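The values are calculated or read from the model by the stated rules, or taken from the named source; none is laboratory data. Computed from a predicted model, the values in this text were never measured in an experiment. Here Cβ is always computed from backbone atoms with ideal geometry, including for glycine, and neighbour counts include all displayed protein chains.
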Amino acid sequence: MDFKQIQELIQLVNDSNLGEVSIEQKDFKITIKQKEEHVTQVVASMQGAPALPQQAYAPAALPQAAPAAAAPAAPAAESNSNLITIKSPMIGTFYRRPSPDKPNFLEVGDDVTTGKVVCIIEAMKLFNEIESEVSGKVVKILVQDASPVEYDQPLFLVEPA
(Lines give C-alpha, C1' and ligand atoms only; values in the text may rest on other atoms or scores of the structure.)
Protein backbone atom coordinates (compact mmCIF):
# COMPACT_ATOMS: atom_id res chain seq x y z
CA MET A 1 0.00 0.00 0.00
CA ASP A 2 1.53 3.31 -1.00
CA PHE A 3 1.27 6.77 0.56
CA LYS A 4 -1.44 7.98 -1.85
CA GLN A 5 -3.63 4.95 -1.11
CA ILE A 6 -3.28 5.56 2.64
CA GLN A 7 -4.31 9.22 2.19
CA GLU A 8 -7.33 8.16 0.12
CA LEU A 9 -8.29 5.60 2.76
CA ILE A 10 -8.09 8.23 5.53
CA GLN A 11 -10.27 10.58 3.46
CA LEU A 12 -12.78 7.78 2.81
CA VAL A 13 -13.07 7.02 6.53
CA ASN A 14 -13.47 10.73 7.34
CA ASP A 15 -16.21 11.17 4.73
CA SER A 16 -18.17 8.11 5.83
CA ASN A 17 -19.91 6.85 8.94
CA LEU A 18 -17.31 4.11 9.38
CA GLY A 19 -15.87 3.97 12.87
CA GLU A 20 -12.86 1.81 12.05
CA VAL A 21 -11.14 0.17 9.08
CA SER A 22 -8.37 -2.45 9.27
CA ILE A 23 -6.37 -3.69 6.30
CA GLU A 24 -3.79 -6.45 6.48
CA GLN A 25 -1.45 -7.43 3.66
CA LYS A 26 1.61 -9.71 3.63
CA ASP A 27 3.94 -7.62 5.80
CA PHE A 28 1.80 -4.54 6.38
CA LYS A 29 -1.13 -3.80 8.67
CA ILE A 30 -3.01 -0.50 9.05
CA THR A 31 -5.93 0.39 11.29
CA ILE A 32 -7.75 3.71 10.94
CA LYS A 33 -10.21 4.70 13.66
CA GLN A 34 -12.49 7.71 13.57
CA LYS A 35 -13.44 9.53 16.75
CA GLU A 36 -16.22 12.06 17.31
CA GLU A 37 -13.77 14.97 16.82
CA HIS A 38 -12.81 13.46 13.42
CA VAL A 39 -9.32 12.66 14.64
CA THR A 40 -7.89 9.64 12.88
CA GLN A 41 -5.83 6.99 14.65
CA VAL A 42 -3.29 5.15 12.53
CA VAL A 43 -1.37 2.14 13.75
CA ALA A 44 0.99 0.62 11.23
CA SER A 45 3.57 -2.09 11.57
CA MET A 46 5.66 -4.06 9.15
CA GLN A 47 6.76 -7.63 9.77
CA GLY A 48 10.31 -7.76 11.09
CA ALA A 49 10.26 -4.09 12.07
CA PRO A 50 9.40 -2.74 15.50
CA ALA A 51 5.82 -1.57 15.85
CA LEU A 52 5.39 2.17 15.49
CA PRO A 53 4.01 4.00 18.51
CA GLN A 54 0.32 4.78 18.21
CA GLN A 55 -0.07 8.44 17.31
CA ALA A 56 -3.22 10.47 16.88
CA TYR A 57 -3.25 12.90 14.02
CA ALA A 58 -5.80 14.84 12.09
CA PRO A 59 -6.68 14.06 8.48
CA ALA A 60 -3.44 14.61 6.69
CA ALA A 61 -2.69 17.00 3.90
CA LEU A 62 0.45 18.27 2.31
CA PRO A 63 0.56 22.06 2.13
CA GLN A 64 -0.57 21.96 -1.50
CA ALA A 65 -3.10 19.15 -0.96
CA ALA A 66 -6.63 18.95 0.45
CA PRO A 67 -7.68 20.99 3.51
CA ALA A 68 -6.68 19.63 6.92
CA ALA A 69 -8.20 19.61 10.37
CA ALA A 70 -8.66 22.61 12.62
CA ALA A 71 -6.85 22.91 15.93
CA PRO A 72 -9.03 22.72 19.00
CA ALA A 73 -9.25 25.94 21.00
CA ALA A 74 -9.75 26.07 24.74
CA PRO A 75 -9.94 28.93 27.23
CA ALA A 76 -6.62 29.79 28.84
CA ALA A 77 -6.37 30.15 32.56
CA GLU A 78 -3.41 32.53 32.41
CA SER A 79 -3.62 35.78 34.37
CA ASN A 80 -7.43 35.49 34.63
CA SER A 81 -7.65 37.09 31.20
CA ASN A 82 -9.98 36.40 28.32
CA LEU A 83 -7.24 34.89 26.14
CA ILE A 84 -7.96 31.74 24.15
CA THR A 85 -5.33 29.07 23.60
CA ILE A 86 -4.92 27.36 20.23
CA LYS A 87 -3.61 23.89 21.07
CA SER A 88 -1.92 21.19 19.04
CA PRO A 89 -4.35 18.52 17.82
CA MET A 90 -1.52 15.99 17.41
CA ILE A 91 2.03 14.94 18.18
CA GLY A 92 4.60 16.14 15.66
CA THR A 93 7.00 18.89 14.63
CA PHE A 94 5.67 22.48 14.68
CA TYR A 95 6.44 24.79 11.75
CA ARG A 96 5.50 28.49 11.62
CA ARG A 97 5.74 28.72 7.81
CA PRO A 98 4.79 26.58 4.82
CA SER A 99 8.40 26.27 3.61
CA PRO A 100 11.80 27.72 4.54
CA ASP A 101 11.64 30.40 1.84
CA LYS A 102 8.11 31.59 2.75
CA PRO A 103 7.03 34.05 5.48
CA ASN A 104 5.54 32.87 8.80
CA PHE A 105 1.80 32.20 8.91
CA LEU A 106 1.43 34.44 11.99
CA GLU A 107 3.36 37.00 14.00
CA VAL A 108 2.51 38.51 17.38
CA GLY A 109 -0.05 41.26 16.80
CA ASP A 110 -1.51 39.70 13.64
CA ASP A 111 -5.25 39.25 13.30
CA VAL A 112 -6.42 35.66 12.88
CA THR A 113 -9.82 34.55 11.59
CA THR A 114 -11.68 31.28 11.90
CA GLY A 115 -10.37 28.83 9.29
CA LYS A 116 -7.05 30.64 8.73
CA VAL A 117 -3.99 28.36 8.69
CA VAL A 118 -1.86 29.23 11.73
CA CYS A 119 0.91 26.62 11.44
CA ILE A 120 1.89 23.22 10.07
CA ILE A 121 2.53 20.14 12.18
CA GLU A 122 4.48 17.34 10.58
CA ALA A 123 3.51 13.91 11.83
CA MET A 124 4.81 10.69 10.29
CA LYS A 125 6.11 12.52 7.18
CA LEU A 126 2.68 14.17 6.63
CA PHE A 127 2.36 17.95 6.75
CA ASN A 128 -0.91 18.93 8.44
CA GLU A 129 -2.20 22.49 8.11
CA ILE A 130 -3.66 23.62 11.44
CA GLU A 131 -6.51 26.11 11.15
CA SER A 132 -7.78 28.50 13.80
CA GLU A 133 -11.20 27.94 15.34
CA VAL A 134 -11.23 31.46 16.81
CA SER A 135 -11.00 35.01 15.52
CA GLY A 136 -8.90 37.61 17.25
CA LYS A 137 -5.42 39.02 17.70
CA VAL A 138 -2.33 36.87 18.31
CA VAL A 139 -0.89 37.88 21.69
CA LYS A 140 1.84 35.26 22.09
CA ILE A 141 3.45 32.41 20.13
CA LEU A 142 4.32 29.70 22.65
CA VAL A 143 6.40 27.29 20.52
CA GLN A 144 9.69 27.73 18.67
CA ASP A 145 9.78 26.95 14.94
CA ALA A 146 10.81 23.37 14.05
CA SER A 147 10.38 22.11 17.61
CA PRO A 148 8.47 18.98 18.68
CA VAL A 149 4.97 19.39 20.13
CA GLU A 150 2.70 17.07 22.09
CA TYR A 151 -1.02 16.48 21.76
CA ASP A 152 -3.00 19.33 23.38
CA GLN A 153 0.12 21.47 23.88
CA PRO A 154 -0.61 25.23 23.76
CA LEU A 155 0.71 26.84 20.56
CA PHE A 156 -0.75 30.36 20.43
CA LEU A 157 -2.56 32.77 22.75
CA VAL A 158 -5.29 34.76 21.00
CA GLU A 159 -7.30 37.69 22.30
CA PRO A 160 -10.80 37.09 20.92
CA ALA A 161 -12.30 39.71 18.63
*In the range 82-141, what residues are under 15 Å from the mean Cα position of the chain (by Cα), surrounded by fewer than 16 Cβ atoms within 10 Å (Cβ to Cβ) and of a type in the set (Ser, Thr, Tyr)?*
THR93
*Determine whether the range 121-132 contains at least one residue that is closer than 11 Å to LYS87 by Cα, assigned by TED's automatic domain parsing to the domain that holds LEU83 and among the charged types (D, E, K, R).*
yes
